[in-house]
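Asker: Okay, here's the structure, questions in a sec.
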Amino acid sequence: MKKIIFLMLCIFSLGLGSTKAESTVYLLVNAKTTLPTFHVSVNGANSGEITIETPFIKMLYGLLPRHKKAIRKCIFKNEGKTIISYEYSNKDHTKDWSDSFTLDLEDGKTYYIELVHGDVKYKIRELTEKEFLKKTKKTKDFEINPDYIAED
């Protein structure tokens, strides 16, 4: 009887140890940018750097490269405050863009974050699921990056 109780406790504790907090964040670059890669810094509960690849489409006016819109699904394993930010400048370093957004990640929740919207508004904002689905209806317009899974 003691062996059965011990075995049940072991199985129960293994089950608890394998369940970890996990949140899903979709990062959306919803503009044709001049950047081949878009770097996003993540600080707080889930630190790291996420790179979003945006493949080349064409040259605009023979001067500016245009890159495709992109989506990247990120899985964060820790709950709590997480800051998503970016910072970059143009080729001549005459203009700088930066913004940050704080998420309070909860286990099992999904978040939709638009990093770049429009062709000149470089501000991070949160979207509802309905807004996200509406913006990403034409998936052929987007480069779907592989999933990013945050390290423990």
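The values are calculated or read from the model by the stated rules, or taken from the named source; none is laboratory data. These numbers were taken from a predicted model, which means no experiment stands behind them. Backbone-built Cβ (ideal geometry, glycine too); neighbour counts: all protein chains shown. Calculation scope for accessible area: heavy atoms of the full protein, side chains included, ligands and nucleic acids excluded. Shrake-Rupley method; radii C 1.70, N 1.55, O 1.52, S 1.80 Å.
Asker: Please list, by residue number, every one of the chymotrypsin sites (Phe, Trp or Tyr not before Pro) in segment 54-152 that is coil in DSSP and has at most 16 other beta-carbon atoms within 10 Å.
Answerer: In loop regions of segment 54-152 (DSSP not H, G, I, E or B), the sparsely surrounded chymotrypsin sites (Phe, Trp or Tyr not before Pro) are Tyr61.
Asker: Here is a further query. Over the Cα atoms, compute the radius of gyration (one decimal) and Dmax (the largest Cα-Cα distance, rounded to a whole number) for segment 47-152, in Å.
Answerer: My reading of the Cα-based Rg and Dmax gives 15.2, 47 Å.
Asker: Identify the GluC sites (Glu not before Pro) of segment 123-152 meeting these criteria: DSSP loop state and at most 16 other C-beta atoms within 10 Å of the C-beta.
Answerer: Here the GluC sites (Glu not before Pro) that fit, given the DSSP loop and packing criteria, are Glu151.
Asker: How much FRET efficiency would the formula 1/(1 + (r/R0)^6) give for Thr110 and Leu35, where r is the Cβ-Cβ distance and R0 is 25 Å, rounded to 0.05?
Answerer: 0.45
Asker: Can you give the convex hull volume of the alpha carbon atoms of segment 17-71 per residue, in Å³?
Answerer: Normalising the Cα hull of segment 17-71 by residue number yields 87 Å³.
Asker: Another question about this same structure. Report the paramagnetic label zone for Lys138: residues of segment 40-70 whose backbone N is under 12 Å from a point 7 Å from Cα along the Cα-to-Cβ axis.
Answerer: Under 12 Å, as judged by backbone N against the label point of Lys138, lie 69 of segment 40-70.
Asker: Which sequence of Asp92, Asp147 reflects their accessible areas, 1.4 Å probe, from the largest down?
Answerer: I get Asp92, Asp147, largest accessible area first.
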